[in-house]
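Shown next, in structure tokens, is the structure this report addresses.
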Amino acid sequence: MVNHMGMTMTQKILARAAGLEKVEAGQLIEANLDLVLGNDITSPVAIKEMEKFTVQGVFDKDKIALVPDHFVPNKDIKSAEHCKCVREFARRNEITNYFEVGEMGIEHALLPEKGLTVAGDVIIGADSHTCTYGALGAFSTGVGSTDMAAGMATGKAWFKVPAAIRFHLVGKPAKFVSGKDVILHIIGMIGVDGALYKSMEFTGEGIQNLSMDDRFTIANMAIEAGGKNGIFPVDALAEQYMKEHSSRPYRIYEADPDAVYDAEYTIDLGKLRPTVAFPHLPENTHTIDEIRAMDEIRVDQVVIGSCTNGRLEDLRTAAEILKDKHVAKGMRCIIIPATQAIYMQAMEEGLLKIFIQAGAVVSTPTCGPCLGGYMGILAEGERCVSTTNRNFVGRMGHVTSEIYLASPAVAAASAIAGVITAP
């Protein structure tokens, strides 16, 4: 008797990439890769690994993307050496998609914008937030530098086919409730290992009320629930995005009606409230209503940016709140557009002027403070409201510093108030 269980979106994409009719959860496969990504921290490790291989060179110079974004423009001598290593490797192997300072951006905002990620792709990146591209209906996941090295050399990677959890979204979010609130709510509900090595599959008519920027944010943080990947169905909005940004053909996969899910949740977007993750885990969530019932939480710094929330919509939201206002006395507010194109558009729209008049600083695109790297490190005991994706102990600097993860709306409102609040 043949087992005819249905497949999820993720399983269909992996089956195609492995040249198989069918795959099921737990199966080990070798898949062909459409894109291999690395940044200035992870690529040098992979490049050194590649030097040990018998076969030299890369499998396809068009299917590798190298984006220096963590410590650039060079923070110090060590980061300069890292960038130099990546730059020379890119030159040596004639890598098409190497993005130097001046054309770079934060990798996970840059690649979709440049049309390098489309529906149906299998993408690995030596960065845990590579799961972002699931917003476009691709299978994308973070890997270690050794897997990145093997991927660059062979164009293949081994995967264990993930089981899936289904999140059925209904309703429409209220004003100033964004994709960030949706994913923080979900992580708060299922926990940081709630989707461990599983595919987080989003479905439902509520998706039509989420912008592409919202979806990128939600997929980006799948890893914060332990997910192998996050993935959205390809609707008219996703197709429009790909047509505007990419010349590559894309493949649309739909989950079978009898696809198997380990768990299913329904989320009414209309009921969600602005949500903040308290230190020191993304699952430690509180709604703005709960926060208002507590003692005020004073803040030293606000960061609006990162691969999670440095996109145009995020900057527009922050500007709407900061317009004709000023950040609280003694408060540092750092705003980081995710790419050069976003920076340019924010300038054209007058958003940068609003930020600077409000007493914020605007940085060139960089991951920077998200990983305690650059442009906004925290001192002992300092508190930061950040639109980034992780708030582990010492993530942004000193081990006694604290990070509160929030949406751009909450971050901007908190910058003005000097305490955690929502607009």
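The values are calculated or read from the model by the stated rules, or taken from the named source; none is laboratory data. Given the structure is predicted, the values throughout are model-derived calculations rather than measurements. Cβ placement follows ideal geometry from the backbone for every residue including glycine, while neighbour counts extend to all protein chains displayed. Ligands, DNA and RNA are stripped out before the accessible areas are found, and what is left, the full protein with its side chains, is counted by its heavy atoms. Shrake-Rupley method; radii C 1.70, N 1.55, O 1.52, S 1.80 Å.
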Does Thr130 qualify as being of a type in the set (Ser, Thr, Tyr), open to solvent by less than 40 Å² (accessible area, probe 1.4 Å) and modelled with pLDDT of 95 or more?
yes
Identify the single condition in (1) under 22 Å from Pro337 (Cβ atoms); (2) part of a helix (DSSP H, G or I); (3) free of Cβ contacts under 8 Å to residues at least 24 places away in the same chain that Asn74 does not satisfy, given that it satisfies every other one.
(2)
Kindly indicate whether any position in region 231-252 is within 24 Å of Thr141 (Cα to Cα) and in contact with a Cys (Cβ under 8 Å, 6 or more places away or on another chain).
no
From the list Lys61, Lys52, Lys22, pick out the single residue that is farther than 19 Å from Ala153 by Cβ and part of a loop (DSSP other than H, G, I, E, B).
Lys22
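Restricting the search to region 306-364, which residues are of a type in the set (Val, Ile, Thr) and in a loop (DSSP other than H, G, I, E, B)?
Keep residues of region 306-364 that are of a type in the set (Val, Ile, Thr), which gives 308, 317, 321, 327, 334-336, 339, 342, 354, 356, 361-362, 364.
Selection gives Val327, Ile336, Thr364.
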Tell me whether region 264-284 contains one or more residues that are among the aliphatic types (A, V, I, L, M) and farther than 17 Å from Met221 by Cβ.
no
Matching entry among Thr275, Thr317 (being under 18 Å from Ile186 (Cα atoms), surrounded by 22 or more Cβ atoms within 10 Å (Cβ to Cβ) and touching a residue at least 12 places away in the same chain (Cβ under 8 Å)):
Thr275
Of the conditions (1) touching a Ser or Thr at 6+ places or on another chain (Cβ under 7 Å); (2) assigned to a strand (DSSP E or B); (3) among the charged types (D, E, K, R), Arg273 fails just one. Which one is it?
(2)
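Regarding Met5, is this residue within 15 Å of Gly151 (Cβ to Cβ) and more than 26 Å from the chain's Cα centre (by Cα)? Quick ask: steps written out before the conclusion?
Numbers: within 15 Å of Gly151 (Cβ to Cβ): no; more than 26 Å from the chain's Cα centre (by Cα): yes.
For Met5, the condition - within 15 Å of Gly151 (Cβ to Cβ) and more than 26 Å from the chain's Cα centre (by Cα) - is not met.
Listed here are the residues, each with its yes/no results for (1) under 30 Å from Pro365 (Cα atoms); (2) surrounded by 15 or more Cβ atoms within 10 Å (Cβ to Cβ).
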residue: Thr8; (1), (2): no, yes
residue: Val23; (1), (2): no, yes
residue: Asn32; (1), (2): no, yes
residue: Phe53; (1), (2): no, no
residue: Val86; (1), (2): yes, yes
Contacts under 7 angstrom Cβ, first residue in region 83-112 being under 22 Å from Asn309 (Cα atoms), partner among the aromatic types (Phe, Trp, Tyr) and not in a helix (DSSP H, G or I), 6 or more apart
Leu110/Phe99
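For (1) within 14 Å of Ala149 (Cα to Cα); (2) touching a strand residue (DSSP E or B) at 6+ places or on another chain (Cβ under 7 Å); (3) of a type in the set (S, T, N, Q); (4) at pLDDT 95 or above, each residue gets a yes or a no:
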| site | (1), (2), (3), (4) |
| --- | --- |
| Val23 | no, yes, no, yes |
| Val45 | yes, no, no, yes |
| Gln56 | yes, no, yes, no |
| Thr96 | no, no, yes, yes |
| Val118 | no, no, no, yes |
Can you find even one residue in region 402-411 that is of a type in the set (Gly, Ala, Ser), modelled with pLDDT of 95 or more, in contact with a Ser or Thr (Cβ under 7 Å, 6 or more places away or on another chain) and part of a helix (DSSP H, G or I)?
yes
Which members of region 393-410 meet the condition of being open to solvent by 10 Å² or more (accessible area, probe 1.4 Å) and in contact (Cβ under 8 Å) with a residue 12 or more places away in the chain?
Val393, Gly394, Arg395, Gly397, His398, Thr400, Glu402, Tyr404
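I'm checking my understanding of the structure. Among residues of region 281-305 that are assigned to a helix (DSSP H, G or I) and over 26 Å from Ile354 (Cβ atoms), which one is least open to solvent (accessible area, probe 1.4 Å)?
Asp289
So, in region 365-392, how many residues would count as being assigned to a loop (DSSP other than H, G, I, E, B) and open to solvent by 10 Å² or more (accessible area, probe 1.4 Å)?
Here is the first cut: in region 365-392, the ones assigned to a loop (DSSP other than H, G, I, E, B) are 365-367, 372-377, 379-382, 387-392.
If we keep only those that are open to solvent by 10 Å² or more (accessible area, probe 1.4 Å) too, we end up with 367, 372, 374-377, 379-382, 390, 392.
Of the residues in region 365-392, 12 are assigned to a loop (DSSP other than H, G, I, E, B) and open to solvent by 10 Å² or more (accessible area, probe 1.4 Å).
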Can you find a residue that is open to solvent by less than 10 Å² (accessible area, probe 1.4 Å), of a type outside the set (D, E, K, R) and under 19 Å from the mean Cα position of the chain (by Cα) anywhere in region 339-357?
yes
